[in-house]
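The values are calculated or read from the model by the stated rules, or taken from the named source; none is laboratory data. Predicted, not measured: the structure shown is a model, and the values here were computed from it. Ideal geometry is used to build each Cβ from the backbone, glycine not excepted, and the neighbour counts take in all protein chains shown.
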Amino acid sequence: MKSRQRWLALGRIPAVRNCLFGIGLLLILLSPVVGILPGPGGVIVFAAGLALTLKYSEWAKRYYVRFKRRHPNKGRWADWGLRRRSARRREALRKDEAGASRLGGD
């Protein structure tokens, strides 16, 4: 557990955050190049870059939220792909609401 705490503390240093954000952008930019190769490599590289970018950039988070509001289905897929806790929570709420509406309609 101490290594996790050290990693989280390291992520709070501005220089480290900026480097990880830069690596995320670099991975996003490299994904089309890797995508030319056979296999799903481009998708995996893009997802890793997107995860780093969203984790360490407030600007990217705001832009992502705006994107999800305009395109809810695409945002749902992105949340699922990133394994976000908030996506699992929203999906559970959506299923509960759908189940309640079916019970109320009988």
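Annotations
- Some residue of segment 29-50 being part of a helix (DSSP H, G or I) and out of contact with any helix residue (DSSP H, G or I) (no Cβ under 9 Å at 6 or more places or on another chain): no
- So Leu54, is it assigned to a helix (DSSP H, G or I) and surrounded by 12 or more Cβ atoms within 10 Å (Cβ to Cβ): yes
Each row is one residue, and each column tells you yes or no for (1) at pLDDT below 80; (2) closer than 18 Å to Ala51 by Cβ; (3) assigned to a helix (DSSP H, G or I); (4) within 10 Å of the chain's Cα centre (by Cα).
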{"site": "Lys61", "(1), (2), (3), (4)": "no, yes, yes, yes"}
{"site": "Trp77", "(1), (2), (3), (4)": "yes, yes, yes, yes"}
{"site": "Trp80", "(1), (2), (3), (4)": "yes, yes, yes, yes"}
{"site": "Ala87", "(1), (2), (3), (4)": "yes, yes, yes, yes"}
{"site": "Ala92", "(1), (2), (3), (4)": "no, no, yes, no"}
{"site": "Asp96", "(1), (2), (3), (4)": "no, no, yes, no"}
{"site": "Gly99", "(1), (2), (3), (4)": "yes, no, yes, no"}
{"site": "Gly104", "(1), (2), (3), (4)": "yes, no, yes, no"}
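- Arg6 vs. criteria among the charged types (D, E, K, R) and at pLDDT 85 or above: yes
- Every listed requirement among (1) touching a helix residue (DSSP H, G or I) at 6+ places or on another chain (Cβ under 9 Å); (2) without any contact (Cβ under 8 Å) to a residue 12 or more places away in the chain is met by Arg62 save one, (1).
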